[in-house]
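Asks: First the structure, then my questions, so here it is.
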Amino acid sequence: MNLSIDDFDYELPSELIAQYPSETRSGSRLLCVGAASIADRRFPDLPQMLAPGDLLVFNDTKVIKARLFGHKETGGHIEVLIERVLSAHEALAQVHAGRAAKPGSTLRLAGGLDVRVLGRAEEFYHLRFPEGGTVLELLEHHGSVPLPPYIAHAPRDEDEQRYQTVYARSPGAVAAPTAGLHFDEPLLAALAERGVEFAWVTLHVGAGTFQPVRVKDLAKHRMHGERYEIPAATVAAMDAAKRRGGKVITVGTSTVRCLEASAAAHGAPVAGGAETDLFITPGFEFRVIDRLITNFHLPKSTLLVLVSAFAGVEPIRRAYRHAIEQRYRFYSYGDAMLVDKIPG
């Protein structure tokens, strides 16, 4: 299938970009998309739409306070967005400044935090943080919540809680796995009572998730790499679900990438950690996933391409047109979809 990134474009009225979360986590709408069907539901309906014995797989990554502001030695204003924590004192980051920061220079960040520029790693800067604490500790004290670029307001106290899943455990993400933001404790309890089982993976979502695709030919796009971890218990839970006839339902595209990257490399998901730069496009053979819970994604984004590969390009186009007509809320703080895999 010879597709261009232009095939994944659409017009979205700006007022449909959700700037704030819904009043309650599970108070969002849920658009259910099959190969030839669309249904408007509410997110609390989810237990009735899954079967006893189904397995939900969540990404338990935790968003860190990855955004820092400050000055270069020359006095120019800078903004630093951590991409990945490399060790106790080193990290890769985007650095936005008037001019490129030079290796060996110092960035003075909020709270008098002096960070050394060690060099470049492709589009990122390799930074060393001072010895006064680990990178994660210093970010927690000096950083701010890295809200996506399409959310216009500065982070508030509410965002520290709501731009984080209730089951977040493993610090390292700089963008939330947003499909998980709809789950709260009462809904998780209702799902468990229904007989739905849970499993977990960890993939630390990088800032690259918001990077545009800059080439028309999808085959020429190169994804940013992300580290993931699949516990042995999750592999066992997926095997058990398949044996009993249950469906494996992933919560979020990051979970899809994690499981399908492992399956593509080994024939089936295996336990352990690895790095993936898998770009899932139409024609990809999904080996693991039966259904997907996801938010609405940016035009011309790799995430929209992934969802279209999973459910079919035309069904997703129809679904997005319907969502816009019905005034669904879009992107990180927006509404959700429950998507079936295209038959085949």
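Asks: May I ask for the percentage of alpha-carbon pairs in the chain that lie more than 30 Å from each other?
Replies: 36 percent
Asks: Quick one: grab the alpha carbon gyration tensor of the stretch 190-266, order the square roots of its eigenvalues as a ≥ b ≥ c, and give me rounded if a/c is under 1.5, else prolate or oblate depending on whether a/b is larger than b/c.
Replies: prolate
Asks: Check which residues have an amide H placed less than 5 Å from I78's amide H, if you skip close sequence neighbours.
Replies: Here G70, H71, K72 satisfy the definition.
Asks: Quick check: at a probe of 1.4 Å, how many percent of the accessible area of the stretch 299-344 sits on carbon and sulfur atoms?
Replies: Answer for the stretch 299-344: carbon and sulfur cover 52 percent of the accessible area.
Asks: Mind listing the phi-derived Karplus ³J(HN,Hα) values for the stretch 40-56, rounded to whole Hz, using 6.51, -1.76 and 1.60 with θ = phi - 60°, and x for any glycine or proline?
Replies: Karplus-based 3J(HN,Hα) across the stretch 40-56 equals 8, 9, 10, 4, x, 6, 3, x, 6, 9, 10, 10, x, x, 5, 10, 9 Hz.
Asks: Using just the Cα positions, wrap the stretch 52-127 in a convex hull and report its mean projected area in square nanometres, one decimal place.
Replies: Taking the Cα atoms of the stretch 52-127, their convex hull projects to 7.1 nm² on average.
Asks: Can you give me the C-alpha center-to-center distance between the stretch 95-109 and the stretch 27-50, rounded to a whole angstrom?
Replies: 47 Å
Asks: To one decimal place, what Kirkwood hydrodynamic radius in Å is obtained for the stretch 30-171 from all pairs of distinct Cα atoms?
Replies: 17.7 Å
Asks: What are the GluC sites (Glu not before Pro) within the stretch 35-130 that DSSP puts in a loop, where the Cβ has at most 14 other Cβ atoms within 10 Å?
Replies: Counting only loop positions with at most 14 other Cβ atoms within 10 Å, the GluC sites (Glu not before Pro) in the stretch 35-130 are E73, E122, E123.
Asks: With loop defined by DSSP as not H, G, I, E or B, and exposure as at most 16 other Cβ atoms within 10 Å, which is the longest segment of the chain clear of exposed trypsin sites (Lys or Arg not before Pro)?
Replies: Value returned for the longest uninterrupted segment is 1-98.
Asks: Nearest 10 degrees, 0 to 90: what angle lies between the long axis of helix 185-194 and the longest principal axis of the chain (Cα atoms)?
Replies: Between the helix axis and the principal axis of the chain, the angle is about 30 degrees.
Asks: If you don't mind, there's one more thing I want to ask. Identify the chymotrypsin sites (Phe, Trp or Tyr not before Pro) of the stretch 209-306 meeting these criteria: DSSP loop state and at most 15 other C-beta atoms within 10 Å of the C-beta.
Replies: Taking the stretch 209-306 and a limit of 15 other Cβ atoms within 10 Å, the loop chymotrypsin sites (Phe, Trp or Tyr not before Pro) found are F284.
Asks: Could you list the GluC sites (Glu not before Pro) in the stretch 1-55 that lie in coil according to DSSP, counting only those with at most 16 other Cβ atoms within 10 Å of their Cβ?
Replies: For GluC sites (Glu not before Pro) across the stretch 1-55 that sit outside H, G, I, E and B with at most 16 neighbouring Cβ atoms in 10 Å, the list reads E11, E23.
Asks: Work out, in µm²/s and without decimals, the Stokes-Einstein translational diffusion coefficient of the stretch 128-281 at 20 °C, 1.002 mPa s, Rh from Kirkwood over C-alpha pairs.
Replies: For these conditions, the coefficient is 121 µm²/s.
The values are calculated or read from the model by the stated rules, or taken from the named source; none is laboratory data. Everything quoted here is computed from the prediction, not taken from an experiment. Because the Cβ atoms are built from the backbone with ideal geometry, glycine has one as well, and the counts that use them run over all protein chains shown. Please note that ligands, DNA and RNA were not included when accessible areas were found on the heavy atoms of the full protein model with its side chains. Shrake-Rupley method; radii C 1.70, N 1.55, O 1.52, S 1.80 Å.
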